[in-house]
Amino acid sequence: MTRRNLTVLFLVAIVSLVCFRRAERNPFARFLAHALQKVETEALNPVSSQDLFDGAMEGMVEQLDEYSGYINAKDAAEFEADLTQEFGGVGVLIRLEPAGEAPGARQVLTVINPPLFGTPAQKVGIEVRDQILEINGLPTSEMTMRDVLHTMRGPVGEPVALLVNRDGFDQPRTFDVVREVINVPSVVGSRPHPDGSWKFALEQDPRIAHLRILNFGEKTSEEFAEAMQSVHEQGFAAVVIDLRDNPGGLLDAAVEISDLFLPADREIVSIRGRGDKPRRQYIATGDGPYPGIPLVVMVNHYSASASEILAACLQDNQRAIIVGQRSWGKGTIQHVIPIQAGKALLKLTAARYVRPNGANIHRAKDAREEDAWGVMPKPEMTIRLTEREMALLRNWRQQQDIVITERSSPPTPESYAGEPPEPALAEPADSQLELAIETLQQILDGRRMPGSQE
């Protein structure tokens, strides 16, 4: 008997065993096992057992809410890397860019940020604007970004061969890069220093620190606590916590950051399960180290999940003023359940969270603008940006976040043998940040009470 058939029989046996134990409560499990067996033995075009399993799982989760999902074995490692904030890689920020302006121009994998000092890519001399033509002999022109990440990342200590083209090269050269653990920061400041650390002071007012939380991973609360310690030691008088475009992440990270700013016994968030049954209430563990520092929290339409937990907590406890525009409205919690011996993951919505004032955050599919959902600034603190304005700010911010090191100086027209680099983007107006600064200045000058939403 082939290994494939043995695998199918094993799957059917397992499903059948589960069905037998649960048949009185859910006969559909037995029906599923029967269907799996029929497809395997009678389908005209044979399909692998793995594909059948993946298809069955994807079909099941499609019947659930939009945030539940099945993460197959191929994508599970990347998903977990996003949460752990580390992976085996080479340390380059890359994207697929069109090779020309003509419609249908081929895509070129381009390094868009100088590798940070000490990363594998920096050690071997990879530079900004390098074009990676092949990864381990595979042409990148035929890859999606998903393919690129799967090929570039891998076990620590293993080499990756990158065929690189660069202005000034007579022909492409191969760089052998050995993968190392790459740590992905989730808390950054206003501007990067050459050594990769961050400047927190805002140029508009050096009394105010600007902390941007990009997502909520396993290391985020530790990173944020370290940043706040630096803010405290440098004598900043107020802080802008920028959650714009933050898609969320781990609940615990949002809770731990909230705890830094609250008096003892204040509610952070509460969790409710099926049937709206209370599951858990998160309470401030003690007087946080920063209970009085003036705060503004910035949110926009793409601030979601853990971002909304932090923003709602600080708003309801009158510890921060919210500036920006209404947040996304994702108020559900997903449990990540390993399946298939841990190779794949089931992301299952199992609870919802409620903000300290008892209001709902989750935006249902049929929700109206006048319904309660998301985190909303007061009208005088609301500035709505268009999609184009937000895109301009993102692009400018990405350019500003480029870290310039001694080994990787900013490109100049003279350094290019071919086409000159794109000119630096002009700084777009950030009216939301300007309002945040103005609000904190009013507090520091005694013209507004800290935490006041009026």
_Criterion first (closer than 17 Å to P115 by Cα and of a type outside the set (K, R)) does E180 satisfy it?_
yes
_Can you confirm whether R394 is out of contact with any strand residue (DSSP E or B) (no Cβ under 8 Å at 6 or more places or on another chain), part of a helix (DSSP H, G or I) and among the basic types (K, R)?_
yes
*So which residues in region 104-119 are more than 15 Å from V164 (Cβ to Cβ), part of a loop (DSSP other than H, G, I, E, B) and modelled with pLDDT of 75 or more?*
R106, F117, G118, T119
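How many residues, within region 111-127, are buried (at least 21 other Cβ atoms within 10 Å of the Cβ), β-branched (V, I, T) and touching a residue at least 40 places away in the same chain (Cβ under 8 Å)?
Of the residues in that region, 1 qualify.
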*Would a scan of region 304-312 turn up a residue that is in a helix (DSSP H, G or I) and in contact with a Ser or Thr (Cβ under 6 Å, 6 or more places away or on another chain)?*
yes
_Selected residue (only one of I361, I337 is surrounded by 17 or more Cβ atoms within 10 Å (Cβ to Cβ) and farther than 25 Å from S190 by Cβ)_ = I361
*With respect to W396, determine if the residue is modelled with pLDDT of 70 or more and closer than 15 Å to R244 by Cα.*
yes
*Considering G59, G88, G55, which residue is in a strand (DSSP E or B) and either free of Cβ contacts under 8 Å to residues at least 40 places away in the same chain or not hydroxyl-bearing (S, T, Y) (or both)?*
G88
*Would a scan of region 250-262 turn up a residue that is polar (S, T, N, Q) and over 23 Å from M390 (Cβ atoms)?*
yes
_I need the full set of residues from region 165-208 which are aromatic (F, W, Y) and either assigned by TED's automatic domain parsing to the domain that holds H232 or modelled with pLDDT under 90 (or both), in order please._
W198, F200
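If a residue must be outside any loop (DSSP other than H, G, I, E, B) and either within 20 Å of M390 (Cβ to Cβ) or polar (S, T, N, Q) (or both), how many such residues does region 207-242 contain? It would help to see each step written out before you state the result.
Step one: list which residues in region 207-242 are outside any loop (DSSP other than H, G, I, E, B), which gives 207-213, 216, 220-233, 238-242.
Among the residues that remain, those that are also either within 20 Å of M390 (Cβ to Cβ) or polar (S, T, N, Q) (or both) are: 210-213, 220-221, 229-230, 240-242.
Of the residues in that region, 11 qualify.
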_Selected residue (criterion: surrounded by the most Cβ atoms within 10 Å (Cβ to Cβ)) from residues of region 62-85 that are among the polar types (S, T, N, Q) and either touching a strand residue (DSSP E or B) at 6+ places or on another chain (Cβ under 6 Å) or part of a loop (DSSP other than H, G, I, E, B) (or both)_ = Q85
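Residue under question is T41, and the condition is that it be within 30 Å of R274 (Cβ to Cβ) and β-branched (V, I, T); does it hold?
Answer is no for this residue.
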*Has region 64-87 got any residue that is closer than 30 Å to K343 by Cβ, in contact with a His (Cβ under 8 Å, 6 or more places away or on another chain) and modelled with pLDDT under 90?*
yes
*Please work out which one of (1) at pLDDT below 90; (2) of a type outside the set (S, T, Y); (3) outside any strand (DSSP E or B) is the condition G157 fails and give its number.*
(1)
*Of all residues in region 318-334, how many are part of a loop (DSSP other than H, G, I, E, B) and buried (at least 21 other Cβ atoms within 10 Å of the Cβ)?*
8
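Residues are listed down the side, and each one gets a yes or a no for (1) under 28 Å from T220 (Cβ atoms); (2) β-branched (V, I, T):
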{"position": "S68", "(1), (2)": "yes, no"}
{"position": "F87", "(1), (2)": "yes, no"}
{"position": "Q107", "(1), (2)": "no, no"}
{"position": "F117", "(1), (2)": "yes, no"}
{"position": "K123", "(1), (2)": "yes, no"}
{"position": "M145", "(1), (2)": "yes, no"}
{"position": "V148", "(1), (2)": "yes, yes"}
{"position": "R166", "(1), (2)": "no, no"}
_Looking for something farther than 21 Å from E80 by Cβ, touching a Phe, Trp or Tyr at 6+ places or on another chain (Cβ under 8 Å), in contact (Cβ under 8 Å) with a residue 12 or more places away in the chain and buried (at least 16 other Cβ atoms within 10 Å of the Cβ) - is there at least one such residue anywhere in region 194-206?_
yes
*asked:* Can you find, within region 340-358, the residue that is surrounded by the fewest Cβ atoms within 10 Å (Cβ to Cβ) among those that are over 23 Å from A254 (Cα atoms) and free of Cβ contacts under 8 Å to residues at least 60 places away in the same chain?
replied: A341
*Scan region 370-387 and report the pairs whose first residue is in the same structural domain as S303 (by TED's automatic domain parsing) and under 19 Å from A304 (Cβ atoms) and whose second residue is part of a loop (DSSP other than H, G, I, E, B) and of a type in the set (S, T, Y), with Cβ atoms within less than 7 Å and a gap of 6+ or a chain change.*
G374/S327; V375/S327
*Name the residues in region 243-284 that are surrounded by fewer than 21 Cβ atoms within 10 Å (Cβ to Cβ), part of a strand (DSSP E or B), touching a residue at least 24 places away in the same chain (Cβ under 8 Å) and not aliphatic (A, V, I, L, M), would you?*
E267, S270, R272, R279
_Single residue of region 331-369 satisfying the filter (in contact with a Ser or Thr (Cβ under 9 Å, 6 or more places away or on another chain) and of a type in the set (G, A, S)) that is nearest to A76 (Cα to Cα)_ = A350
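The values are calculated or read from the model by the stated rules, or taken from the named source; none is laboratory data. Please read all numbers here as calculations on a predicted model, not as lab measurements. Backbone-built Cβ (ideal geometry, glycine too); neighbour counts: all protein chains shown.
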